[in-house]
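Working notes, beginning with the structure itself.
Every number in this text was worked out from the coordinates using simple rules, so none of it is lab data. For clarity, every value in this text was computed on a predicted model and none was experimentally measured. With ideal geometry, Cβ positions are generated from the backbone for all residues, glycine too; neighbour counts draw on all protein chains shown.
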């Protein structure tokens, strides 16, 4: 986990992205797709760190149509960037994958809705603070946690 990369304007977690190790992160101008990204352009124009700061959130911008991205941005709006990054770090330590090898999807894409993504984030953090490993299905998805996953 690279805390310095932080989050993208849309809510993607540059800090745990394995797609491009030399990328400095979205908000530091490192993302190769930064020029076409509607979310980034909008946030820069409005002076926002991310979509979660906007009164029109969630809007119909393309990246916010992705369940994980929208759930992460909503999580930041509710709990803050540090809490999201802490949950992602705990998840990484517990074996959750942000990206499966060779793919741009991972464990946080598996829940059916925002509540499921949040439950996965919070359960990873709870397991990390309790010092116990999460029980997973081999791809990092926790079982028996009562959140419908």
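Observations on the model:
- Ordering 106-112, 59-65 by mean Cβ neighbour count within 10 Å, with the highest value first, yields 106-112, 59-65.
- Stokes-Einstein diffusion coefficient of the range 3-130, Kirkwood radius over Cα pairs, 37 °C, 0.692 mPa s, in µm²/s: 224
- Normalised contact order of the range 3-130, rounded percent, pairs of Cα under 8 Å and 6 or more residues apart: 23
- Ascending count of other beta-carbon atoms within 10 Å, so fewest first, for 18, 86: 18, 86
- Relative exposure of 46, 5, 66, judged by other C-beta atoms within 10 Å (fewest first): 46, 66, 5
- Counted residue by residue at 0.36 nm each, then reduced by the alpha carbon distance between them, the extension gain from residue 60 to residue 46 reaches 3.4 nm.
- Counting beta carbons within 10 Å around each of 57, 75 and listing the fewest first gives the order 57, 75.
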